[in-house]
Amino acid sequence: MSKVWLITDANSGFGRAFAEAAIAALASDETSLRPALGDDSIDAIHAHLDQVRADLDAWDEVGRGTKLS
């Protein structure tokens, strides 16, 4: 199934950034491209990333001390 994208005002600003991200995602065979729109969405993503960073930091020493091969 082919996909058609219509991105308006793609010569600058958010439209251009979205178009570039879409091209990069399609070129790398990524299956999803979901832009964060609105303050609530962006804040939720930042909160999630902060939690992931905290979890990673908590296990950093253990993870780095474990060699799989």
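The values are calculated or read from the model by the stated rules, or taken from the named source; none is laboratory data. A quick note: this is a predicted structure, and the numbers were derived from the prediction, not measured. Here Cβ is always computed from backbone atoms with ideal geometry, including for glycine, and neighbour counts include all displayed protein chains. Ligands, DNA and RNA are stripped out before the accessible areas are found, and what is left, the full protein with its side chains, is counted by its heavy atoms. Shrake-Rupley method; radii C 1.70, N 1.55, O 1.52, S 1.80 Å.
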Item to complete: Kindly list the number of the only condition in (1) open to solvent by 90 Å² or more (accessible area, probe 1.4 Å); (2) at pLDDT below 85 that fails for PRO35.
Response: (1)
Worksheet item: Which condition breaks for TRP59 when tested against (1) touching a Ser or Thr at 6+ places or on another chain (Cβ under 7 Å); (2) modelled with pLDDT of 85 or more?
Response: (1)
